Structure formats: C-alpha cells, structure tokens
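Colleague: Take this structure first; my questions come after.
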Amino acid sequence: MSIFDFIKEAGKKLGIGHEDTAPQPEEVKKELDSHDLGTQDVKVDVQGDKVVLKGSVKDTTAFEKAIIAVGNTLGVSKVEASDLKVEQAPDAPAPVFYTVKKGDTLWKIAEEQYGAGKGAHNKEIFEANKPMLTHPDKIYPGQVLRIPALAAK
C-alpha cells in the first residue's frame, strides 16, 4: 500500500476552515490542478486527515509531485496513492521524500541526501519540486520535498 506521511500542522492553508480542520476534497483537487501536473483525471477523496488519490498520471514525476502537492497542505497527515496508477512506469525506484527541518537549506539537504561535497545538487532538488516551490529560499519546517536520484555521469 502506498501511504505517505506528512506533518498535519505544516503546509498551505486551503479554504476557510480552522487549522485543525481537514480541507475539503474540492479545495484539494483545485490545489492539485493549479500546479498543472497532468492530474486532471485524478480523483481526490478526504478521509479525516488523509487524502486518497485515485486515477492515473503520465509518469513517476507526476505521481511524486501529486503526492507532495496535496500532502503539503495544512490539515493533511497522510496521502494514500495505492490507486494512483502511472501510465509510463519504468522500473522506477521507490520515491524518496525529505521533511524539512528548522535551519535547513536546499544546499544542506543536498549534502545530507547525496553526500558531502554535493551541495551544488540543490538545484536538482529545487527543479524536482517545481511548481510547488517558487524560490529556492522559500522552504519551511515540516514541508516535504521530493529528492530525485542523481543522473549517472
């Protein structure tokens, strides 16, 4: 089963509810579609503080971005993607996600994830999280980021 954990108290606030209230499915779907990830055929259901995604996406990049787009929403603690199918699914490794801690920068995260001396790969992390990230310095504690595999050289 594909269930991904997020921090319920961190993320983008959708709608008019209180911070401890789960967002409405329509709000989550609107947020997901606003990123233009090719998720127009994805159905969104909210079950308490869990978002369930069903349908299909074109590739693993869209799959991973859909998960973080809805998971980084205030009031969401889990995203279930068991019924979210990938149309062009090569034998991809399991997605790698990282939860931002206080004091983190993309450079620091790249060093931690890829190894010492590889902080310059922060650009790959930024690109892998577009359009949800709009600037490399605008990350916050509790936010979950995709960590792409480095291309073989």
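Colleague: Can you tell which of Lys65, Lys54 is crowded, with 17+ Cβ neighbours inside 10 Å, at negative phi, modelled with pLDDT of 90 or more and within 16 Å of the chain's Cα centre (by Cα)?
Modeller: On the way: Lys54 fails: crowded, with 17+ Cβ neighbours inside 10 Å.
The unique qualifying residue is Lys65.
Colleague: Take Pro23 and tell me if it is at pLDDT below 90 and either within 17 Å of the chain's Cα centre (by Cα) or surrounded by 22 or more Cβ atoms within 10 Å (Cβ to Cβ) (or both).
Modeller: Working: at pLDDT below 90: yes; either within 17 Å of the chain's Cα centre (by Cα) or surrounded by 22 or more Cβ atoms within 10 Å (Cβ to Cβ) (or both): yes.
Answer is yes for this residue.
Rundown of residues vs (1) under 17 Å from the mean Cα position of the chain (by Cα); (2) assigned to a loop (DSSP other than H, G, I, E, B); (3) assigned by TED's automatic domain parsing to the domain that holds Gly48; (4) without any contact (Cβ under 8 Å) to a residue 24 or more places away in the chain, yes/no style:
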residue: Ile109; (1), (2), (3), (4): yes, no, no, no
residue: Pro131; (1), (2), (3), (4): yes, yes, no, no
residue: His135; (1), (2), (3), (4): yes, yes, no, yes
residue: Ala151; (1), (2), (3), (4): no, yes, no, yes
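Colleague: Only one of (1) at negative phi; (2) in a loop (DSSP other than H, G, I, E, B); (3) surrounded by 13 or more Cβ atoms within 10 Å (Cβ to Cβ) fails for Gly142. Which number is that?
Modeller: (1)
Colleague: Another question about this same structure. Would you mind telling me which numbered condition in (1) crowded, with 17+ Cβ neighbours inside 10 Å; (2) modelled with pLDDT under 90; (3) not in a helix (DSSP H, G or I) Glu9 fails?
Modeller: (1)
Colleague: Mind listing whichever residues of the stretch 85-113 are touching a helix residue (DSSP H, G or I) at 6+ places or on another chain (Cβ under 6 Å), among the aliphatic types (A, V, I, L, M) and over 15 Å from Gln143 (Cα atoms)?
Modeller: Across the stretch 85-113, the qualifying residues are Val86, Ala92, Ala110.
The values are calculated or read from the model by the stated rules, or taken from the named source; none is laboratory data. Please read these numbers as outputs of a predicted model, since none were measured by experiment. Note that we place each Cβ from the backbone using ideal geometry, even for glycine, and neighbour counts take in every protein chain shown.
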